[in-house]
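Contents: one structure, followed by commentary.
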Amino acid sequence: MSSPFDISPLSTWGGSKKPLIIAGPCSAETEDQVMQTVKRIVAASDKVNMIRAGVWKPRTRPNSFEGVGAIGLPWVKAAGNAVGLPVSVEVANSGHVELALKNEIDVLWIGARSTVSPFIVQEIADALRGVDIPVMIKNPVNPDLELWLGAIERFTQVGITKIAAIHRGFSTYEKSTYRNPPMWEIPIELRRRHPQIPIILDPSHMGGTREQIYPLSQQAMDMGFDGLMIEAHMNPDKAWSDAKQQVTPERLGEIISELVVRQPHLPDSEYHTLHELRAKVDRIDDYIVEMLAERMGLSEQIGQFKKEHGLAIHQSDRWAAIVKRALENGKTGGLTQDFILKLFQQVHNESIIHQGKVMGK
Ligand code: PEP
Ligand code: MN
């Protein structure tokens, strides 16, 4: 039986260049804006291998610019043809799918506000039954991995195998330096469970500002993500949507050329140093656990003593002295106070459990 996550490798649809870099304006505004932006992007970097532009825009409030609609689809396709690259747009219902397919859009993406709705995801998936087109699924706005995976599964179930997940961060009520905080543990868990699903980072919607595009993109490379989707506009300050986070095509080119792309694997011979270092780390980790076990043995002897002398388990002056010593030693070793405090709180808790066991006997 095939897995519910039967997914084709990215190389079968995302081109041979790694990482997959998708760039283009947040929104298609005019025929000329799309064409000029795309031509300048390709002139600024030969590493861009797909174009993006939204024609239907899911905006927070009504009466703001909600996209030019279907009229923009031929503009996007023409710009892609002019530079010889595939193009992608967001679809949010079956009508959008029909129009996108009619206009020969190469790749579709599902927006974060659609991924949250199983009804709409299923409607889009049903409209794609029997169609061999790649689909990229943004994470839902809320931090729910199961909902993200469920949306992906709805597409694999109708026979779509060319799939990528786009990590664009998650909404929060609290103020944050991010427009949508990354919550990296969520894509990391996605990768652990389904390593075959390519993950693309969208630093534009995650950061929400131009300045955050480069560091977030580099972080994605450091974490072994498969690609980036970056918003670029011929005149970002005048963009009709997401002006603050769009970069010029030329800045995009600089960002891409500054990225350090890490290798997912090395030749076996070069692993040698890493293996040696990891073996040392393992030995130290074994030693730490052995020492902790020995320490808890002493705690039990202390518990026995306290029991015989009718002494309470916890003595706050002793605990204060332990913390003080540890913080001083930690400082010498270049360890943060926060780390030492948390570590010793855990050690102390475990010690109280061991002493309690002895005293309860
Ligand atoms: C977009 O890519 O332009 C967009 C609307 O993104 P998201 O769905 O991540 O908010
Ligand atoms: Mn946008």
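Here is how the numbers come out for the structure above:
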quantity: The range 90-185, relative contact order in percent, only Cα pairs under 8 angstrom and at least six apart counted; calculated: 25 percent
quantity: Gyration tensor (alpha-carbon) shape descriptor, the range 201-307, a/c threshold 1.5; calculated: oblate
quantity: Which of HIS348, HIS265 is most accessible, then next, and so on - probe 1.4 Å; calculated: HIS265, HIS348
quantity: The range 268-360: C-alpha gyration tensor shape, a/c 1.5 cut-off, then a/b vs b/c; calculated: oblate
quantity: Solvent-accessible area of MET183 with every protein chain in place, 1.4 Å probe, in Å² to the nearest 10; calculated: 50 Å²
quantity: Low-density loop positions, trypsin sites (Lys or Arg not before Pro), the range 198-302 - DSSP coil, at most 16 other Cβ in 10 Å; calculated: ARG262
quantity: Using alpha-carbon coordinates, inclination of helix 213-222 to the longest axis of the chain, degrees; calculated: 60 degrees
quantity: Sequence of ILE7, ILE352 from largest to smallest accessible area, 1.4 Å probe; calculated: ILE352, ILE7
quantity: Between 0 and 90°, nearest 10: helix 249-258 axis offset from the chain longest Cα axis; calculated: 40 degrees
quantity: Helix 145-157 axis, angle to the chain major axis (alpha carbon atoms, nearest 10°); calculated: 40 degrees
quantity: Amide proton proximity set for MET50, modelled H, under 5 Å, gap of 5+; calculated: ILE21, ALA23
quantity: Relative contact order %, the range 10-258, counting alpha carbon pairs below 8 Å whose residues are six or more apart; calculated: 20 percent
quantity: Within straight-line cross-link reach of LYS307, lysines at Cα separation under 21 Å, skipping those fewer than 8 residues along the same chain; calculated: LYS357, LYS361
quantity: Where THR37, THR60, THR161, THR273 fall by accessible area, highest first, once all protein chains stay in place (1.4 Å); calculated: THR60, THR273, THR161, THR37
quantity: Note, ³J(HN,Hα) from phi for the range 271-285, Karplus 6.51, -1.76, 1.60, rounded to Hz, x at Gly and Pro; calculated: 6, 3, 4, 4, 4, 4, 4, 5, 5, 5, 4, 4, 4, 5, 4
quantity: Highest-MSF residue in the chain out of ARG129, ARG113, ARG318 [GNM, Cα springs under 10 Å]; calculated: ARG318
quantity: Accessible surface of HIS314 - all protein chains present, 1.4 Å probe, nearest 10 Å²; calculated: 90 Å²
quantity: Sparse-neighbour loop sites [GluC sites (Glu not before Pro); the range 174-253; at most 14 other C-beta within 10 Å; DSSP]; calculated: GLU174
quantity: 18 Å Cα cut-off, lysine pairs counted over the range 10-258 (separation 8 or more, or different chains); calculated: 13
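The values are calculated or read from the model by the stated rules, or taken from the named source; none is laboratory data. Computed from a predicted model, the values in this text were never measured in an experiment. All Cβ positions, glycine included, derive from the backbone under ideal geometry; neighbour counts span all protein chains shown. Remember, those area values only see protein heavy atoms, side chains included, never the ligands or the DNA or RNA. Shrake-Rupley method; radii C 1.70, N 1.55, O 1.52, S 1.80 Å.
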